[in-house]
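Please treat every number below as a calculation from the coordinates, not as lab data. This structure is a prediction, so every number in the text was calculated from the model and none was measured. Ideal geometry is used to build each Cβ from the backbone, glycine not excepted, and the neighbour counts take in all protein chains shown.
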Amino acid sequence: MGSVFLPHLHSGWHVDQAILHDQDRLVLVRFGRPQEKECLVMDEVLFEIAEKVRNFAAIYLCDIDEVPDFNDMYNLHDDPVTVMFFWRNKHMVCDFGTGENNKMDFAIDDEQEMIDIIETIYRGARKGRGAVNSPYDYNYKRRR
């Protein structure tokens, strides 16, 4: 149900504008297929935390079937849900311990855990870092 209330990006142009627009907040774009279970779980968490992180993060949703423009560029084909982070039009890299540093390609069902990740990436971005380490190690956690 959370996906109904979060802003949707309906074209590649809208995705670009969302990334370009916010200069003082971290931009999260959840790419995925809304009918996938992992996507629904992630959308609920993002909806629940959206109000709590609104001062330092903007959250958007993008259906990869409706907007296929970034599927090849970010290799979104195989993942049921992907969250990417941008700061001042630059892609932020985060090491989750999974080997995939360019994106979060798994769902998180804990609100505080997601807030901690967003805060960590935001703090690193404000300090000028392009890459940060996640406060949690997902190397041994079951991802799917």
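Numbers below:
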quantity: Cβ-based exposure ranking for V83, V41, V15, in which fewest neighbours within 10 Å come first; calculated: V41, V15, V83
quantity: Nonlocal amide H pairs with V132, under 5 Å, H built at 1.01 Å; calculated: V93, C94, D95
quantity: Enclosed volume per residue, in Å³, of the convex hull spanned by Cα atoms of the chain; calculated: 98
quantity: Length-normalised contact order of the range 73-124 in % [C-alpha pairs under 8 Å, at least 6 apart]; calculated: 32
quantity: Residues W13 and N101, FRET efficiency given R0 of 25 Å [Cβ-Cβ distance, rounded to 0.05]; calculated: 0.40
quantity: Cα gyration tensor category, rounded, prolate or oblate, for the range 74-144 with a/c compared to 1.5; calculated: oblate
quantity: Whether the range 69-109 is rounded, prolate or oblate, judged on the alpha carbon gyration tensor where a/c under 1.5 counts as rounded; calculated: oblate
quantity: Length-normalised contact order for the range 1-119 - Cα pairs under 8 Å, 6+ apart - percent; calculated: 34
quantity: Options V67, P7, M84, ranked by Cα towards positive dipole end of the chain, top entry (Cβ charges); calculated: M84
quantity: Qualifying chymotrypsin sites (Phe, Trp or Tyr not before Pro) for the range 57-144 [loop in DSSP, other Cβ within 10 Å: at most 10]; calculated: Y140
quantity: CD proxy at 222 nm, helix term only [per DSSP H run n ≥ 4: -39500 (n - 2.57); per residue of the chain; nearest 500]; calculated: -9000 deg cm²/dmol
quantity: The range 1-75: trypsin sites (Lys or Arg not before Pro) in DSSP loop, at most 12 other beta carbons within 10 Å; calculated: R54
